[in-house]
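Let me begin by presenting the structure, written as structure tokens, before commenting on it.
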Amino acid sequence: MRIWKENKHCILIKTPELFDFKTNLNYLRRDPNECMYEIEEDRITRVIEINHLRTLVRISEADSEYLAVEFLAGGKLESMEDKKAIVRYVEEWFDFETDLIPFYKMGSKDPLLEQAIERFYGLRIIGLHDLFEALCWGILGQQINLTFAYTLKRQFVEKFGETLEYEGKIYWVFPSFDKISGLSPEDMSDIKMTKKKREYIIGIAELMAKGDLTKEKLLYLDELKQAERELTQIRGIGPWTANYVLMRCLRYPDAFPIDDAGLINAIKLVTEMERKPTKEEIRELTSEWKNWESYATFYLWRMLY
């Protein structure tokens, strides 16, 4: 755990050296239809659930070395364990524990990455703490554009999620797998996703409600391919969705959605290639990325959106 301290009003968390809060906020602003948090005046406000407590926090830059986490509403964090859990949540969300120096050293000499690193210096892989949310987001985004995926997520969250109100504004909590596991596909019919996607999401919720699928079990596995196999055995989860979740939620540094359309389009953009590169060409172009595939992919995605 990183250095942190508290005062009367907030918790202060020391940031890593290679971290730029505004660069990360700009990533989080990339679609105005995002419903899980609000960004105003370089402050991000969202509901965080930890240790069965639901609390509304506002995160801002206290100075060049610390993020400030203010507690606005909801459950009061009175115990030291609850406060440490909030610190861990923020650390994981912004991936504070990864040392980016080796990535920047490699990427600054890589023709695909050097431009992205220069433009987005200090960007971290923004995490998805909750496994169910990560899996749902991966399924919602299958074979559609990002804008429509955000629309589907908002419809899903506003229909089945819970809320916390503060100063006349509503802040959303992502639907729980317990709630979704009790639904039928027809219960979700007014959300503009395919029937198969509805079935996939309910099926995943049922697995999680039974305890057959948990974040802890996946983190216990020894290596990426084993975790990928576990996920792809689940109906609706192919290699792309599995690697997306392994990147954003489980933090595997070598997760690599090599067939991702965004990655392919970013490679075309950077190389000025007019045709789609073959998988063999992608493997050749990315041969120096070993153990940094997740970060390299994330930075190239950022070139597009």
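Being in a helix (DSSP H, G or I), of a type outside the set (Gly, Ala, Ser), open to solvent by less than 10 Å² (accessible area, probe 1.4 Å) and in contact with a helix residue (DSSP H, G or I) (Cβ under 8 Å, 6 or more places away or on another chain) is true for just one of Leu152, Leu112. Which residue is that?
Being in a helix (DSSP H, G or I), of a type outside the set (Gly, Ala, Ser), open to solvent by less than 10 Å² (accessible area, probe 1.4 Å) and in contact with a helix residue (DSSP H, G or I) (Cβ under 8 Å, 6 or more places away or on another chain) holds for just one of Leu152, Leu112, which is Leu152.
Filter the stretch 190-213 down to the residues that are closer than 26 Å to Asn145 by Cβ, open to solvent by less than 70 Å² (accessible area, probe 1.4 Å) and either at pLDDT below 95 or not basic (Lys, Arg) (or both) and list them by number.
Residues satisfying the conditions are Ile191, Met193, Glu199, Tyr200, Ile201, Ile202, Gly203, Ile204, Ala205.
Collect the residues in the stretch 165-186 that are under 17 Å from Arg198 (Cβ atoms) and in a loop (DSSP other than H, G, I, E, B), keeping them in residue-number order.
Within the stretch 165-186, Phe174, Pro175, Ser176, Gly182, Leu183, Ser184 meet the criteria.
Among the residues of the stretch 24-40, are any of a type in the set (A, V, I, L, M), open to solvent by less than 40 Å² (accessible area, probe 1.4 Å), part of a loop (DSSP other than H, G, I, E, B) and more than 27 Å from Ala266 (Cα to Cα)?
no
Please verify whether the stretch 196-214 includes one or more residues that are closer than 30 Å to Phe120 by Cα and assigned to a helix (DSSP H, G or I). Talk me through it step by step, then tell me what you get.
Start the filter on the stretch 196-214 by keeping residues that are closer than 30 Å to Phe120 by Cα, which leaves none.
Scanning the stretch 196-214, I find no residue that is closer than 30 Å to Phe120 by Cα and assigned to a helix (DSSP H, G or I), so the answer is no.
Being in a strand (DSSP E or B), over 21 Å from Leu123 (Cβ atoms), open to solvent by less than 20 Å² (accessible area, probe 1.4 Å) and at pLDDT 95 or above: is that true of Ile11 here?
Yes, satisfied.
Can you pull out every residue in the stretch 246-280 that is open to solvent by 50 Å² or more (accessible area, probe 1.4 Å) and of a type in the set (Gly, Ala, Ser)?
Answer for the stretch 246-280, where residues must be open to solvent by 50 Å² or more (accessible area, probe 1.4 Å) and of a type in the set (Gly, Ala, Ser): just Ala261.
Of the numbered conditions (1) touching a residue at least 60 places away in the same chain (Cβ under 8 Å); (2) closer than 28 Å to Thr271 by Cα, Lys153 satisfies every one except a single condition; which is it?
For Lys153, the failing item is (2).
The values are calculated or read from the model by the stated rules, or taken from the named source; none is laboratory data. Small disclaimer: the values here were computed from a predicted structure and weren't measured. For neighbour counting, all protein chains shown are included, and Cβ atoms are generated from backbone atoms with ideal geometry for every residue, glycine included. Quick note on the areas: whole protein, heavy atoms, side chains included, nothing else; ligands and nucleic acids left out. Shrake-Rupley method; radii C 1.70, N 1.55, O 1.52, S 1.80 Å.
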